[in-house]
1. Please give the helix 671-683 orientation as an angle from the longest Cα principal axis of the chain, in degrees from 0 to 90, rounded to the nearest 10.
2. Using alpha carbons only, how many angstrom separate the centre of region 345-373 from the centre of region 460-516?
3. Kindly provide the GluC sites (Glu not before Pro) of region 650-689 that DSSP labels as loop, not H, G, I, E or B, and whose Cβ sees at most 14 other Cβ atoms within 10 Å.
4. What number, in percent, do you get for the relative contact order of region 461-729 if the mean sequence gap of Cα pairs under 8 Å and at least 6 apart is divided by its residue count?
5. Under the definition of Cα pairs under 8 Å and six or more residues apart, what whole-number percent is the relative contact order of the chain?
6. For the pair residue 40 and residue 383, what calculated FRET efficiency results from E = 1/(1 + (r/R0)^6), where r is the Cβ-Cβ distance and R0 = 45 Å, to the nearest 0.05?
7. If you average the sequence gap of Cα pairs under 8 Å that are 6 or more apart and divide by the length of region 257-354, what percent do you get for the contact order?
8. Specify whether the C-alpha gyration tensor of region 224-296 places it in the rounded, prolate or oblate class, a ≥ b ≥ c being the square roots of the eigenvalues: rounded for a/c under 1.5, otherwise prolate if a/b is larger than b/c and oblate if not.
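Just so you know, all these numbers are worked out from the coordinates, no wet-lab data involved. In this text the structure is predicted, and so the values were computed from the model without any measurement. Virtual Cβ from ideal backbone geometry, glycine too; neighbours counted across all protein chains shown.
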Amino acid sequence: MKVLLLSIGTRGDCEPFLAVGNVLRERGDDVVCAFPEQYKHFAKEENFEFFSLGSEFLDLVESDDAKQAMSGTKAITKAKAIANMTKNSTAIRIDLIHKQKEIVDAVNPDCIIFHPKAIYAIPWHIHTKKQVIMLSPVPCVVHEVEGTATVGVNKDFGTILNRSTYYVANNAMVSSIKPVYDFYFKGEDCSDKLLHALKNIKIIYPVSKCILVQEFGDNVCVSGFLERDKTTGWVAPPELEQFLQKHDKIMFITFGSMLNTDPKRNTVIVLEALKKCNIPAIINISGGGLVEPDRYNKETTLFVSSIPYDYILPKMYAVVHHGGAGTTHSAISSACATMAIPHTVDQPMWNEWISKLQLGPKGININKITIDNLAEKFDDLYNNPLYKETARNFAFEMRNEVDNDKLYNFIHKQHNIKYILKELRTVGIVSDFMASFDDVESLKKLSKRSRTSQNMPSIIKKNFIKIKQYIMTETKVIPVYVYRTRETVQDATGLLWLHGGGYAMTSLTSEEHLIEKFVTETNTLVIAPDYTLSVDEPYPTALHECYDTLVWMKEHADILGIKEDGFVVGGVSAGGGLAVALCMYARDKAKVEIKFQMPLYPMINHKNIPDNNTHKQFLWDVYRNEIAWKLYLGDLYNLDDVPAYASPLNASDFSNLPPMYTFIGSEDPFYEDTINYTKKLQVENIVARCDVYDGCYHGFDISKPNAEVSRRAINGVMTAYSYALKNYTNK
């Protein structure tokens, strides 16, 4: 297939196109690039055939009017600059469209991958019926991103107003496309048809799935951060190597290709802020937004004019930048604490996301920086360990997130609803339970499917964030999911949530409706370990990992913003069983005190097996229970004396355990076990309560969360949890 890569914009707008071009060429496609003249050398570095879109667009972007429009401080001056740019850009935009047509005619591609500014591609697609794919380095274009208005607005006005900004922006794009279609193709399509075409073309967002995790339609690919190797042929100068050897904790500062009205003044502010905080720094001046002064402290500051980010950033502790999509991703993927000093367009959006994901403090707009306010931000970025730890976790997750084969197939695959329906299948813990398994091998297959459904590392909602992190112990790495609100977490209750799934599968995604209520309705931070499943390792691995996570929560309480003496553990089914076992284990270890437990319909008795009078039940029954226990206990299953931490209902000591709440359906195979556990605690004068829901089967609240009885059950959990926060965890 012959593919034309058509991009208009700054370097950050062109780099992902080059990365995609390499993916396509490696798999046999013929790739041609069309960029502004200033980026010809990048295409030549990758040995792509190149067509020039001229230099006028970037000349306009780098003009004095553009500097005033982006970073001017006076409203009247900015308004005049914008008016001048609008006037001067008219002829440039018309010429750019003509150049696009001439290049497309010359190349005659089978497919055009285009930047949103390259609007000729859509009329060409409508006329020729050939494939076009939009590649937008920035999300919030065409398709609504939850919790954010369209690009350029960069605020959250609420769902309805946010949606209206996308409507306005998409119709504005259609208004700019229609004259092009009418002029070149004598089009008769109305704006509604053009809008439909815009919304249904395929779009690639080269954004990390750790940051943008929202589910879109099948015509959208969130590919992960796309970058090419830019270190080929580059050699570090001696003064850079010497500086790196001299300092072991360095801040890198760059404004990329962004210009501003007063580079000298801004450089002085940056240098004085660094001096005030005693921070060694490397300052990149290649774009002109910062300049090297005649006099400065060369012992603590090094100016560079050209340096590949993939060489320097992994050697840096922190990065301060303009907030471009590419630099933001480069900094995070290099495990750098990061902060944006936004200039224009999408950069305030990245600034907000960096702050809310706790990758760094919220930065200051370029036209509002002072020595004092910048020094305060530098100090926080450089000395708050939370930012670096979060960045390390994100970097770990981002390393292997780009699947080049999947990206290639997305580009080549034509829309076919039958193919999509065949390819996509709902795979969740509920559907897995509903599928029958009769032996250990079939359960292992379901375990693999459940892990596929769990492969969603991050969530960003209006006031609910999920981030995947990693706990490093002396012997292993434990993945955990952190659930929190957007607001800074302070003096919150730490809830350790253990997912269900018969110890063999993962059901966390189907439990997040309850986790979200804990987080958004109370001052709670939830940690959910992705513990080792029994199909990989039997008892006691999962229990030990859950305990290690609990200890980690206590040791990192200050950073997490939780109380170090008010922990709660909970979980459903097998997660409830682990919660009970963990309460016993933590009691005996006497290192971390658990104040409250919520083992919902827990799996706590390996002796709960079928007899001659047993009948099969919906979702989960004693037949499946027996298979799951054999897998979890391994060689211990046939022993007479199974450890209490493995099958906690058979323990001999129920004293000194925390207060407990649970609920159970009367048709649940764990009904008698749950009632018995409640009574054993009550005998020890421990507050314990179990709500029973007549006629309900195992996991009814997960399989039918919107049913009236399920809502009652969840409300009961929240009532009990709120009571525990007031009476147990706050004491």
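1. The helix 671-683 is inclined about 70 degrees to the chain.
2. 27 Å
3. Here the GluC sites (Glu not before Pro) that fit, given the DSSP loop and packing criteria, are 684.
4. 17 percent.
5. The normalised contact order for the chain reaches 8 percent.
6. It comes out at approximately 0.55.
7. Reported as a whole number, the value is 21 percent.
8. oblate
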